[in-house]
Amino acid sequence: MEKTLIRQNAQWNGKMFDHLCPRDIMDNLLKKKTMRHVQILTGVRRCGKSTVFKLLINDLLQSGASGKSILVLNLDDPQFIPFWDDSSKLFGVIENAERLTGEKVKYLFLDEVEHLCDWEIFIKSAYDTEIFEKIYITGSNSQLLQNRFSALLSGRYFENEVRPFSVREVFRSQGITTLLDCYTQTPKVLRIMDNVLSTGCFPEIVLGDADEDIKQELLKSYFESIVQKDCIVYSGIRDTHLFFRLVNYLMQNMGSRFSIPAVGKALKSNENTVASYLNFLCDSYICVDVRNFSYSLKETSRSQHKCYFIDNGLVSANVFRYSPQSGSALENLVYNELRNKGYMNISFDNSKTECDFLAYKNGKAYGFQVCYELNDMNLKRELYGFELENVMLEKKILLTYNQKETYGDIEVVPFWEWVMSPPFT
Ligand SMILES: Nc1ncnc2c1ncn2[C@@H]1O[C@H](COP(=O)(O)OP(=O)(O)OP(=O)(O)O)[C@@H](O)[C@H]1O
């Protein structure tokens with residue numbers, strides 16, 4: 001089996017990657033390409049991690065590297081099952097590759113490394129041999145670097161999260177590359193936004209020409225594999241019935257505030273179990289647990305939570321009566337774009353103003369309110385959201401589906417315009 005795998009590897013050539021869409025994360029990765037540090041790419045399943053490998057390989061080939069010096073091993077492939085319990089056997093695969101191609105492996109790519117029970121030991125030895133110019137690895141669980149051997153790698157790696165396409169990447173994949181394109185092709189922009197609100201931003205969903213039903217089916221299969229492989233099996237969840245009820249509860253109440261004791265009560269379960277199941281879900285990158293804003297570090301003062309999902313499509317495929325025109329669908333998209341645009345410490349305000357998002361960039365605080373459609377009934381409440389005590393906001397931005405206005409220092413901006421306005425990261 002190794003022979004076939006290795007022959008496939010040695011045949012890399014630039015033309016194989018012509019059809020791939022460029023990813024914004026590449027700028028960051030290429031800046032570090034000459035550093036020996038191991039590059040770890042984590043992220044939810046199907047978001048495009050292996051494709052980022054291909055983009056990196058393409059760059060290596062363009063820079064003159066030989067295809068034979070690049071070895072990619074996908075450890076999710078059942079052929080690697082015998083290696084899962086003893087990663088040192090991989091050195092044998094590398095030696096075989098070198099014998100077959102007659103060239104040293106300089107660039108090692110390991111996909112889904114979490115299958116190797118002691119992957120850090122293998123990576124540490126591979127790094128320390130100084131044979132490889134660069135080692136890239138991927139994993140689909142944020143606990144990848146939290147096990148007993150992780151300290152072995154300290155100071156030797158960079159970790160970056162790959163995420164499904166940002167909305168800007170979706171626009172770019174459909175030929176909308178500038179703000180001017182958006183102004184001149186607004187109906188197309190709104191059509192893309194409708195798609196993104198309902199079927200999300202996973203690359204295969206965005207780029208595929210399958211009809212809506214097939215996309216929903218595919219999204220359901222993504223969901224099942226994330227929940228099964230990266231939550232239930234990876235974290236050893238025992239009460240799967242409770243776990244599914246929790247996921248369903250969080251999807252139905254996406255973007256609504258909750259407390260762990262209240263969910264425990266609603267699901268008739270122990271709150272400690274609910275809290276740890278929520279952590280397992282977050283570890284798989286399928287959702288994030290956002291807390292209310294507080295200057296105090298005491299946990300009790302941040303006891304309110306809101307859950308946002310990595311992709312609107314995953315939610316729409318699983319929640320009965322999901323409405324892409326709802327505030328929560330747009331709010332979920334805004335949360336993800338805040339992350340894509342590099343905002344940090346994202347929280348919500350739990351005082352009387354109820355500001356949807358407080359987020360920081362370059363040490364400055366920004367306030368965001370999200371309203372699908374502003375009208376006479378909700379305008380006053382939405383503007384009031386920015387009247388925060390104790391926080392000086394650098395900017396106050398009210399994001400809508402397609403309305404633009406200014407109210408004093410508050411800018412009402414269509415979501416697509418905000419997405420396509422620099423700075424992008
Ligand atoms: N930049 C891109 N351009 C074109 N297609 C892409 C791109 N990124 C991802 N895809 C497509 O999306 C699908 C999933 O991508 P990929 O296999 O890279 O994801 P992954 O995160 O490695 O998935 P998994 O965790 O399940 O292994 C593939 O069909 C791939 O071709």
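The values are calculated or read from the model by the stated rules, or taken from the named source; none is laboratory data. For clarity, every value in this text was computed on a predicted model and none was experimentally measured. Using ideal geometry, Cβ is built from the backbone for each residue, glycine included, and neighbour counts are taken over all protein chains shown. Side chains are part of the model used for accessible areas, which takes the heavy atoms of the whole protein and leaves out ligands, DNA and RNA. Shrake-Rupley method; radii C 1.70, N 1.55, O 1.52, S 1.80 Å.
Summary of values
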| quantity | calculated |
| --- | --- |
| Some residue of the range 23-44 being more than 26 Å from Ser125 (Cα to Cα), assigned to a loop (DSSP other than H, G, I, E, B), within 16 Å of the ligand (Cβ to nearest atom) and of a type in the set (Val, Ile, Thr) | yes |
| Whichever residue in the range 401-425 is under 30 Å from the mean Cα position of the chain (by Cα) and without any contact (Cβ under 8 Å) to a residue 40 or more places away in the chain and, among such residues, is nearest to Leu190 (Cα to Cα) | Pro414 |
| Residue tally, condition touching a helix residue (DSSP H, G or I) at 6+ places or on another chain (Cβ under 8 Å) and open to solvent by 30 Å² or more (accessible area, probe 1.4 Å), over the range 325-350 | 2 |
| Spans of helices (runs of 4 or more DSSP H) in the range 179-298 with at least 3 residues open to solvent by less than 30 Å² (accessible area, probe 1.4 Å) | 186-199, 203-207, 212-225, 240-252, 260-266, 271-283 |
| Qualifying residue in the range 138-149 (condition: away from the ligand (no atom under 16 Å from the Cβ) and at pLDDT 90 or above) | no |
| Conditions (1) away from the ligand (no atom under 16 Å from the Cβ); (2) at pLDDT 90 or above: number failed by Leu75 | (1) |
| Candidate set: the range 45-70, residues that are in contact with a Phe, Trp or Tyr (Cβ under 7 Å, 6 or more places away or on another chain) and open to solvent by 60 Å² or more (accessible area, probe 1.4 Å); chosen: the one nearest to the ligand (Cβ to nearest atom) | Arg46 |
| Scope the range 399-425; condition out of contact with any helix residue (DSSP H, G or I) (no Cβ under 8 Å at 6 or more places or on another chain) and either closer than 19 Å to Ala329 by Cα or among the acidic types (Asp, Glu) (or both); matching residues | Gln403, Glu405, Asp409, Glu411, Val412, Val413, Pro414 |
| Enumeration of residues in the range 360-390 that are charged (D, E, K, R) and buried (at least 18 other Cβ atoms within 10 Å of the Cβ) | Glu382 |
| Answer from Thr406, Thr353, Thr400 - the residue that is open to solvent by less than 20 Å² (accessible area, probe 1.4 Å), at pLDDT 95 or above and hydroxyl-bearing (Ser, Thr, Tyr) | Thr400 |
